[in-house]
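Structure record follows, encoded as structure tokens.
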Amino acid sequence: MFERLREAPGGAAPPLASAASDLEDPDLQLALFCCYELHYQGFDDVDDRWEWEPSLLRARAMLERAFEEALARAVPWPEPVGPRDVRRVLKELAAADDGPSVSAFMRREATLEQFREFVVHRSIYHLKEADPHTWAIPRLRGGPKAALVEIQADEYGGGRRERMHAELFRGTMRHLGLDDSYGAYLGRVPPITLAISNAMSLFGLHRRLRGAALGHLAALEMTSSQPNRRYAIGLRRLGGDAAATRFYDEHVQADAVHEQIAVHDMCGGFAAAHPEQTGVLLWGAACALTLERLWAGHVMSRWERGRTSLAGDSLASSSM
Ligand SMILES: [Fe+2]
Ligand SMILES: [Fe+2]
């Protein structure tokens, strides 16, 4: 696929298989991630016209089918509920989240090297923070649209570059001696880390899944404030200064507010206007929680065995 993408667009599609895959299939997740990336920042040595090249879109559709089927196997479709019950069920889903707590570990025990690994994983999403859910904006109208815009405006720093969450995250990366350029660690993360971003892109780029995009964002916001408080404490324990922890500090407050907007105005409003969409909305939330749990399981099980959670060797150690 990479060889083909370096050539001029057109002709035969890159050879992409669609064999039944699980969520941690490395070829599926990396190929899909790269197809989606053409809609974001693209690649320096790939012609931008590949973004809408029909042969590649056909190949991507096969990957998406495999990914969506794997998601459906891993994440049972929540029982359909009435629109008025969506807010309650979202809260129940978030409260029932019982995966290994990476944030508790980061707060008390993580080494500097483990914190750096954690940040490398998160860089795949945080350096494009908010972009995948932004796709949903033109697919909405009225109150839910205004609510999503309100959240996204905050994520993008309210018009101030230095307050953009992606920029704050770059500050954290630099403090940890990591490369803060976009995509620097794409080849260093395991498939489950890519699957987290791929799910957001899948939901954001398909109108039929716009409810899932909203549920997904709500689940992120609902499970963000307290973990970010713990990440900030953990990074301060490891010597992080105010600039290093600002990304996490910012999310403690911001996401407590975003949670309310996301659950009530965005998801509640969307469910009221589209009662037939409550199932897909809750499924999107459940997908976010399940992928995060699988990711946490991967990271913690590697660390418990004294191994790196990244693909390949551990990061070369460098001091703060
Ligand atoms: Fe954010
Ligand atoms: Fe947020």
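Please treat every number below as a calculation from the coordinates, not as lab data. This is a predicted model, so every value here is computed, not measured. FYI the Cβ positions are ideal-geometry reconstructions off the backbone, even for glycines, and counts take in every protein chain you see.
Quick one: Karplus J couplings for region 234-251, per residue in order, coefficients 6.51, -1.76, 1.60, θ = phi - 60°, nearest Hz, x for Gly and Pro?
Using θ = phi - 60°, the values come out as x, 6, 5, 4, 8, x, x, 8, 4, 5, 5, 9, 4, 4, 6, 4, 4, 6 Hz.
Considering the dipole of the chain built from charges on the beta carbon (Lys and Arg +1, Asp and Glu -1) around the Cα centre, which of V252, M106, F2 is farthest to its positive end?
V252
Let's see if you can work this out: charge +1 on each Lys and Arg Cβ, -1 on each Asp and Glu Cβ, no other charges. What is the dipole magnitude of the chain about its Cα centre, in debye to the nearest 20?
So the dipole magnitude of the chain works out to roughly 560 debye.
Per-residue counts of other Cβ atoms within 10 Å, averaged by peptide: what ranking do you get for 59-65, 112-118, 95-101, 138-144, highest first?
112-118, 59-65, 138-144, 95-101
In 10 Å bins starting at 0, how do the alpha-carbon pair distances of region 137-198 split up by percent?
19, 32, 35, 14, 1
Quick one: E68, E37, E259, fewest Cβ neighbours within 10 Å first, how do they rank? Each step should come with its number before you reach the end.
On the way: E68 15, E37 19, E259 22.
Sorted ascending by nearby Cβ count, the order is E68, E37, E259.
Let me have the relative contact order for the chain, percent, based on Cα pairs under 8 Å that are six or more residues apart.
In percent, rounded to a whole number, it is 27.
Give the shape of region 62-106 as rounded, prolate or oblate, defined through the alpha-carbon gyration tensor: a ≥ b ≥ c are the square roots of its eigenvalues, a/c under 1.5 means rounded, and otherwise the shape is prolate if a/b is larger than b/c and oblate if not. Each step should come with its number before you reach the end.
Numbers: a/c = 3.04, a/b = 1.08, b/c = 2.82.
Here region 62-106 falls in the oblate category.
Once phi is turned into θ = phi - 60°, what whole-Hz ³J(HN,Hα) does the Karplus curve with 6.51, -1.76 and 1.60 give for every residue of region 146-163, x standing for Gly and Pro?
Using θ = phi - 60°, the values come out as 4, 5, 5, 4, 4, 5, 5, 4, 5, 4, 8, x, x, x, 10, 3, 5, 9 Hz.
Please label the shape of the chain as rounded, prolate or oblate, based on the square roots a ≥ b ≥ c of the eigenvalues of the alpha-carbon gyration tensor (a/c under 1.5 means rounded; beyond that, a/b larger than b/c means prolate, else oblate).
Since a/c stays below 1.5, the shape of the chain is classed as rounded.
With a sphere of radius 9 Å drawn around the Cβ of A219, what net charge do the other residues whose Cβ falls strictly inside it have (Lys, Arg +1; Asp, Glu -1)?
Summing Lys/Arg as +1 and Asp/Glu as -1 gives -3.
What list of ³J(HN,Hα) couplings, whole Hz, do you get for region 202-218 from phi and the Karplus terms 6.51, -1.76, 1.60, once you set θ to phi - 60° and write x for glycine and proline?
Karplus-based 3J(HN,Hα) across region 202-218 equals 4, 5, x, 8, 10, 4, 5, 10, 4, x, 5, 4, 5, x, 4, 5, 4 Hz.
Would you mind putting 264-272, 239-247 in packing order, based on average other-beta-carbon counts within 10 Å, highest first? It would help to have the intermediate numbers written out before the result.
Numbers: 264-272: 22.7, 239-247: 17.7.
Highest to lowest by the protection proxy: 264-272, 239-247.
For a protection proxy built on the mean count of beta-carbon atoms within 10 angstrom, sort 204-210, 77-83 highest first, please.
Highest mean packing first, the order is 204-210, 77-83.
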